[in-house]
Amino acid sequence: MSSSDPRNSPHSEPKSLLAGVLAVVVHLLFIALLVFGVSWKDHPPEGMMVDIWTELPKPVPEPVKTQAPPKQPKPVPEPVKPEPEPPKPEPIKPEPPKPEPPKPEPPKPEPVKPEPQKAAVAAPVKKPDIAMKQKPEPVKENKPDPEEQKKKEQEKIKEQEKQKELEKKKELEKKKELEKQKELEKQKELEKQKELEKQQEIAKQKEAEKQKALEKQKELQKQKEKELAAQRQREQEAKAQREAEAQRAAQQAAARNQVTSEIGKYKALILAKIRSRIVMPPDLPGNPVAEFSVTLLPGGDILDVRLSKSSGHPAFDSAVERAIFLSKPLPLPPDPMLFNEFRNLNITVHYRE
Amino acid sequence: MSTTVTQDMSFLHLITSASVLVQLVMLILILISLSSWWFIFRKLFVIRYEIKKTDDFEDIFWRGVDLNALHQRIISSRYESGSLERIFAAGFGEFTKHPAGSDLDAVMESTRRAMRATYQREMDYLESHLSFLATVGSVSPYVGLFGTVWGIMNSFRSLSSVTQATIAHVAPGIAEALIATAMGLFAAIPAVVAYNRYASRTDQLATRFESFMEELSNVLQRRAAE
């Protein structure tokens, strides 16, 4: 038999490792189901959230974009002003009159082009001005040309070539001076325009500030009105509360009065009932008074009667005590809330009423 | 608004935000569940193997093979033998140990005792760990319930410090506490099912073993009488 024991104890258990692996797999499956199941249920509310938040931010950036462009043109004209000034002195030094206007022209359209992109309002104002300046220039230049020719012909006839040269030089100088003057005028006009623009901007800014101030004032007024309305509401609420409290107090007082009257009524009823059961001992001197403290049960039953103050006549005391026991159940108010007033009754009985 | 309406109710977040005791209960339940599933699969393979072995052996035995040759074969391949084969080996070995002229009743009695002893050992082996499955099936719901009750207690206690009590204050705590109950049930239900199934299977095997023992003793008695 001893040889059979080792055979039985090492049972060749099949696939116990596989069993462990399978157990782990089952749990992983379960956990995956739980995680995906629970998170899958979470997704719909998240989608709702996304919808709500994508709708809200859209209107917010749009006003920002519309507000931004008016702010940009204000700083832009300032850098534009220094740009046209440097090109002007440069073309002045090269003398030829006709190339002069075209030279300043190319730099002008260059600063003009960025302007319509940034602000369409400022560009059209400048364009007509430039056109006006360009047109008078050739007109003024043509006028001096015939004069010179006439003078030259007269001088050729009358005077020598030297004088002509001198005159030519003078005329050239005059032309230069005229051109300089024109350029100065142009500069002045540009400056004036710039100043006007600045003034307009300042005016706009002032108007905006005024509007802001007005809005602030309106808001303040609204706030004040709101505060006043809130104060009125509070006062009304306080009044209503006071009135309600007063009503409550009155009701409570009335209830108390009712209660006290009820209690007094039933105490009188009790006393009358007891009195009706007293067999009065005859011929007692004076008006002796017996006081009893009676403990009552709900329903009018008497638990205990104690003589708290004797009348001096034991016959009267015992007669009252017997009457109290005889008169049970004592009349009690139907309201059980009032029973507390009757739990410990003090009954005083006079020999003579 | 959006953060308060949808709190993070993902499964992992619920577990990690639970209180320490509830987490401990969850850990215990996971370990219990793992071991119970391990035993479920082990017993599944063992019982299947035993049933197959028993079928095969009964088939071979009743075909009328030479019992000595069968006994030799079983002893030579001891680790691949089934329970019924071991019972047969024990009984037949005990029967052959007696000399030819000995008392028949005494021989049969000792043979039956040997088979009974092996039968007891085999049944003990087949029924091992079934009591563990029964324990898991009956206890793990209570362990999970304990974790849930504790978690709900805590979530209600935290509610007392709030002036305006809404369901949103309690809901996450209750949800994370209820995970413990879910885990307990997950451990218990398969354990109970497996216990009932394996218990009935081992009972069937036991009756087959007992009837085989009776029949073998009859066969051996006839053989001794010849």
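Bear in mind these aren't lab numbers, they're just calculated from the coordinates by the rules spelled out. Keep in mind it's a predicted model, so treat the numbers as computed, not measured. Here the Cβ positions follow ideal geometry from the backbone for every residue, glycine too, while neighbour counts run over all protein chains shown.
Please give the net charge around B:Met213, taking every other residue with its beta carbon less than 9 angstrom from that of B:Met213, where Lys and Arg add +1 and Asp and Glu add -1.
Neighbourhood net charge equals -1.
What order do you get for B:Arg208, B:Arg73 when you list them from fewest to most C-beta neighbours inside 10 Å?
B:Arg73, B:Arg208
Which whole number gives the average count of other chain Cβ atoms within 10 Å of the Cβ atoms across peptide A:20-28?
Counting other chains' Cβ atoms within 10 Å and averaging over A:20-28 gives 5.
How big is the dipole moment of the range B:109-226 about its Cα centre under a simple scheme where the beta carbon of each Lys and Arg is +1, that of each Asp and Glu is -1, and everything else is neutral? Debye, nearest 20, please.
With Lys and Arg at +1 and Asp and Glu at -1, about 40 debye.
Got a sec? Charge dipole of the range B:32-99, +1 on Cβ for Lys and Arg, -1 for Asp and Glu; which of B:Phe45, B:Val65, B:Gly93 is way out at the positive end?
With unit charges placed on the Cβ atoms, the residue in question is B:Phe45.
With θ taken as phi - 60° and the coefficients 6.51, -1.76 and 1.60, list the Karplus ³J(HN,Hα) couplings across the range B:24-33 in order, rounded to whole Hz; mark glycine and proline as x.
4, 4, 4, 4, 4, 5, 5, 4, 4, 5
Report the label-to-label distance for A:Ala255 and B:Ser77 in nanometres (one decimal), using points 7 Å from each Cα along the Cα→Cβ vector.
9.7 nm
Please give the contour-minus-distance gain from A:Lys194 to A:Glu173: 0.36 nm per residue of separation, less the Cα-Cα distance, rounded to one decimal in nm.
On the way: separation 21, 0.36 × 21 = 7.56 nm, distance 3.04 nm.
Additional length available on full extension: 4.5 nm.
Report ³J(HN,Hα) in whole Hz for each residue of the range A:280-290, in order, from the Karplus equation J = 6.51 cos²θ - 1.76 cosθ + 1.60 where θ = phi - 60°; Gly and Pro get x.
5, x, x, 6, 9, x, x, 10, x, 10, 10
Peptides B:121-134, B:171-184, B:95-108: what's the order by average Cβ count within 10 Å, highest mean first?
Output ranking for B:121-134, B:171-184, B:95-108: B:171-184, B:121-134, B:95-108.
Among A:308-319, A:169-180, what's the highest-first ranking by average C-beta atoms within 10 angstrom per residue?
With the highest mean Cβ count within 10 Å placed first, the list reads A:308-319, A:169-180.
How shielded is B:74-83 by partner chains, expressed as the average number of their Cβ atoms within 10 Å of its Cβ atoms?
That average works out to 2.
Find out how many positive minus negative residues lie around A:Thr295, taking Lys and Arg as positive, Asp and Glu as negative, among other residues whose Cβ is under 9 Å from that of A:Thr295.
So the environment of A:Thr295 carries a net charge of +1.
Please compute the modelled spin-label separation between A:Glu147 and B:Asp124, points set 7 Å along Cα→Cβ, answer in nm with one decimal.
Distance between the two pseudo-spin positions: 14.1 nm.
With a point put 7 Å past each Cα toward its Cβ, work out how far B:Thr135 is from A:Lys180 in nm, to one decimal.
11.7 nm
Treat the count of other C-beta atoms within 10 Å as a stand-in for reagent exposure and order A:Tyr351, B:Tyr79 from fewest to most. Spell out each step's value before the answer.
Values: A:Tyr351 19, B:Tyr79 8.
By the 10 Å Cβ count, ascending: B:Tyr79, A:Tyr351.
Between B:Ile189 and B:Asp66, what's the calculated FRET efficiency when r is the beta-carbon distance and R0 is 60 Å? Round to 0.05. Provide the component values of the computation, followed by the final result.
Details: r = 50 Å, r/R0 = 0.83.
Result of the calculation: an efficiency of 0.75.
Convert each backbone phi in the range A:302-314 into a coupling constant with the Karplus relation 6.51 cos²θ - 1.76 cosθ + 1.60 (shift: θ = phi - 60°), then list the ³J(HN,Hα) values in order as whole Hz, x for Gly and Pro.
Ordered by residue, 3J(HN,Hα) equals 9, 8, 7, 10, 10, 7, 8, 8, 6, 7, x, 10, x Hz.
Averaged over B:39-52, how many beta carbons belonging to a partner chain fall within 10 Å of each residue's beta carbon? Write out the running numbers ahead of the final one.
Values: counts 4, 4, 10, 10, 2, 3, 7, 7, 0, 2, 4, 2, 0, 0.
Partner Cβ neighbours, averaged per residue: 4.
Neighbouring Cβ atoms within 10 Å as the yardstick, rank B:His13, A:His350 fewest first.
Starting with the residue having the fewest Cβ neighbours, the order is A:His350, B:His13.
Alpha carbon centre of the range A:303-347 versus the range A:283-300: separation in Å?
6 Å
Determine the dipole magnitude for chain B: charges of +1 sit on the beta-carbon of Lys and Arg, -1 on that of Asp and Glu, nothing else is charged, the reference point is the Cα centre, and the result goes in debye to the nearest 20.
Dipole about the Cα centre, nearest 20: 400 debye.
Please give the Cα centre distance for the range B:7-69 versus the range A:172-204, rounded to the nearest Å.
After rounding, the separation between the Cα centres reads 100 Å.
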